[in-house]
Amino acid sequence: MFEGITESLTGALSFFTKGRLTERNIEEGLRAVKQALLEADVNYAVAQQFVDRVAQQAIGAQVLKSINPSQQFIGILHQELVQLMGPVDHSLHLTPGRVTVLMLCGLQGSGKTTTCGKLAKRLLEEGQKPMLVAADLQRPAAIEQLKIIGQQLGVPVYSEAPGPGVNAVRVCESGVREGERNGDVSVVILDTAGRLHVDDELMRELEQIDRRLSPHQILLVCDAMTGQDAVNSAKAFNDALELDGVILTKLDGDARGGAALSVKAVTGVPIKFIGVGEQLDRLELFHPDRMASRVLGMGDVVSLFEKAQQQFDREEMEAQQKKLAEGKFSLTDFRDQMTQVRKMGTMRDLLKMIPGMGKISEMLGSDFDPEEGLSQINGIIDSMTPAEREDPEIIDISRRRRIAEGSGVDPSDVNQLLKQFTQMAGVMKNIAGLGMRDRLRAVSQLAESGMLNPGASLQLSKQRSKRGPEDKREFQDKRKKQRKEAKKQRKKNKR
Amino acid sequence: MGLFDKLKRGLQKTKDLLFTDVRDLLKAGEILTDAKLEEFYGRLILTDMGVVAATAIREELRAKHLGRTIVLDELWSTIKAKLKDLLKGGDGAQWAAGDPLAPLNFASRGVTVVLVAGVNGAGKTTSIAKLANLLKKQGKSVLLAAGDTFRAAAVEQLTLWSQRLGCEIVTRPSGSDPASVAHVGGMRAVEAGVDVLIVDTAGRLQTQQNLMKQLSKIRRVLEAVIPGAPHEVLLVLDATTGQNGVSQAKLFSEAVACTGMILAKLDGTAKGGVVVAIRQQMALPVKYVGLGEQIDDLELFDPDSFVEALFEK
């Protein structure tokens, strides 16, 4: 996601992690920071202001005297980034007992129609009853597109066939009226046509809709790949409509996303959501602190954690956990587990969110496709009989050859998978006892150990030393618990 | 929010600065100072041309004019020469302004195949319609292949355009393999003996590897149906795109060997300066620019007027 900006900033900041800070190298470092921000499409003026502000905070006795100046400098950068992108307000301010009207607007191709669908899906999940209004009468087949999205979600779509006398203002009005009359609708989402902020006529149309209907929330949909011009369009839309929020789209690419900083800085309007994929469930809450952490190369474990909570089917997890604890773990479970993990996003996405792993996914290069490895594993497991899946021990040479043929791989690949599985069954058993977060960490370790790439030579489990990898974890956990206990005790004593 | 107010005030100042003509910034008769150069550098950055190109221009100015009295014409010729240099690349590719089809590489005989690709929302479908219109006006027969089988109603969108333009279109139901659309399109084009086949594709972010592989497959399929095809692979780039455009150009070229770009949506305030960065880092020329929503709003890219426009307003 913000990988690009992260990378260049990390480069810029390596300056500060080396040696002592002097006023001079702070300035040099700040220049590097500014350049990194500019390369990330942060608006020139915003970048300049940002750097000046950090300089004000950083250059001075405060930093130079501190014990770990580079840390403190990064702290200041982080804090300023959070301030620049925050504060957030994720709420759409829905009022119970009344139909809330949301209006989406933006430039052509920013992703309004898709975002309408994503918002509707999100609202559905929150127990709301959304309705979509197709007010994009400009782009051919835009109405069709919204209808199809509505169908996919099972959400009503209000539209009027284009013709004389049919205009966006009227469609919106009738749409809202229809929503109010329906009785089974709590939120109406208006999908307006994309327009250039310099197109006076079309901007007036938006103002008209705003005046007639006064939507409760007006959201600007902004492409994260936008360059320096992001400030101009965001400002124009804000001047015309007084925006309530911004939704940043297409953040799943390698856009550095400087637009996030620029738009927030210029309009002061909070970024509410981010779009991170083409599927309708790929809409996430915007978190400036996490984004800032990401920008500074600190990873984003919290996001990953939340994602996992949403996606993991709790019941299934519990069932598996029970099985694991009993030491019964079959290849079928293994496959189910992987499907669960895959629901959370592509492996590469996941890798990027784990601190330090972003680099690893870089190192793997663009040829490496973890998904491919996973589907190969799936193929192999699919080619087994149920009995073989339950008890892989029974797989002998001839069975192995059959499985390999069935899934179009080498017999050695099958062997490798089986070896991996045996290894993993052991790890999984340990995982079963852990909480969600620890489990995720363990999964990421699995990833590292080569689960993602069945072709990679695997390290066979070595003779365990006294405190082998697994015991070490237990030991660490024990230590952690002890520390917690001690802390609690101290608190108690204080009282 | 003290910070925002400060930022806003700061921006207002910068905005005022940037919306005055560069000519006010670099006044004749004054001495060109470092501070002035830096301000001008900000101006360059705002065109999205990227840090590298902007730095190159600034350094050129610094080397030639720093500390001297500003003579506008001299400064301008330095800036423009450098920019055009960056834009045209080594080969200085230029085409005759009179022929709107000059940049296109036509098959020596038989069907010419144009493959169009780009990220989501760049303006592919609209650009295809405009290009088809341009071709038809020049007396070429055109067949469209609706290869965006992913996005809801994308096929309908292109179908509507084909009806308006009065050209044939090949479609497959939404969700089918885009390579099969390309295949059928190629077969049909040969059968019908049209001059040009334009193949639409679904928008995809350049980092989505499976989708990029799908794109390469479309290219291979076209090649198999019509030897030598595709003759043109055009990348549609949104003019508001920032430095990510470089990554788009690189990764799309890796997947389908792009031969040129269409710079869409240049009718806003965005300058599309990223094409300078792209041109500088790889030999991918801009062939057309999209200047509006009307079907006729597609024009030949002209580096000279583009450079002039970069500093307008």
So what's the net charge close to residue B:229: Lys and Arg +1, Asp and Glu -1, counting the other residues with Cβ under 11 Å from its Cβ?
0
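If R0 is 41 Å, what FRET efficiency do you get for residue B:33 and residue B:302 from their C-beta distance, rounded to 0.05? Kindly include the intermediate steps, with their values, before the conclusion.
Numbers: r = 34 Å, r/R0 = 0.82.
Efficiency computed from Cβ-Cβ geometry: 0.75.
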per DSSP, antiparallel bridges as share of beta bridges in chain B, % nearest 5, sits at 15 percent
Rounded to whole Hz, the Karplus (6.51, -1.76, 1.60) HN-Hα couplings of the stretch B:232-247, x for glycine and proline
9, 10, 9, 9, 8, 10, 6, 5, 7, 5, x, 5, 5, x, 5, 5
Enumerate the residues in the stretch B:106-144 having an amide nitrogen under 15 Å from the point lying 7 Å beyond the Cα of residue B:99 toward its Cβ.
B:106-109, B:135, B:138-140
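Which of the residue pairs B:217/B:287; A:118/A:147; B:36/B:64; A:147/B:130 have a Cα-Cα distance greater than 19 Å in the structure shown?
Details: B:217/B:287 24 Å; A:118/A:147 14 Å; B:36/B:64 14 Å; A:147/B:130 26 Å.
Those over the limit are B:217/B:287; A:147/B:130.
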Within a 10 angstrom radius of each residue's Cβ in B:155-163, how many Cβ atoms of other chains show up on average? Whole number is fine.
3
Calculate, for residue A:474 and residue A:385, the FRET efficiency according to 1/(1 + (r/R0)^6) with r their C-beta to C-beta distance and R0 45 Å; round to the nearest 0.05.
0.75
Per residue of the stretch A:162-176, what does 6.51 cos²θ - 1.76 cosθ + 1.60 with θ = phi - 60° give for ³J(HN,Hα)? Whole Hz please, x for Gly and Pro, Karplus curve as stated.
x, x, x, x, 8, 10, 4, 4, 5, 4, 4, 4, 5, x, 5
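What is the sum of charges around residue A:401, taking Lys and Arg as +1, Asp and Glu as -1, for the other residues whose C-beta is under 14 Å from the C-beta of residue A:401? Display every interim value, and only then the final one.
Details: positive: A:399, A:400, A:402; negative: A:388, A:396, A:405, A:410, A:413.
Neighbourhood net charge equals -2.
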Under the 7 Å Cα-to-Cβ spin-label approximation, residue A:138 and residue B:257 lie apart by a distance in nanometres of 3.8 nm
What is the set of long-range amide H partners of residue B:118 at a cut-off below 5 Å, with H atoms built 1.01 Å from backbone N?
B:204, B:236
So for R0 = 56 Å, FRET eff. of residue A:393-residue B:223 from the Cβ-Cβ r, to 0.05, ends up at 0.70
For a quick check: with amide H placed at 1.01 Å from N, whose amide H comes under 5 Å from residue B:143's, ignoring anything fewer than 5 positions away on the same chain?
B:196, B:197, B:198
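Run the numbers on chain B and let me know its relative contact order in percent, using alpha-carbon pairs under 8 Å that are six or more apart. Numbers along the way, then the final one.
Numbers: 534 pairs, mean separation 67.4, N = 313.
About 22 percent, as a whole number.
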For the stretch B:121-127, in order, what is each residue's ³J(HN,Hα) by Karplus, 6.51 cos²θ - 1.76 cosθ + 1.60 with θ = phi - 60°, in whole Hz (x at glycine and Pro)?
x, 6, x, 4, 4, 4, 5
Which residue, B:143, B:104, B:160, tops the fluctuation ranking in a GNM of chain B built on C-alpha contacts under 10 Å?
B:160
Label points 7 Å out from Cα along the Cβ direction at residue A:482 and residue B:84: separation in nm?
7.7 nm
Among B:237, B:87, B:205, residue whose mean-square fluctuation peaks in a GNM of chain B (springs only between Cα atoms under 10 Å):
B:205
Going through the cross-link list B:80/B:271; B:124/B:265; A:235/B:84, which pairs have a Cα-Cα distance over 21 Å in this structure?
A:235/B:84
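Any read-out appearing in this document is the output of simple, stated calculations on the displayed coordinates, not a laboratory observation. It should be emphasised that the depicted structure is a prediction, and the values quoted were computed from it without experimental measurement. Note that each Cβ is placed from the backbone with ideal geometry, even for glycine, and that neighbours are counted across all protein chains shown.
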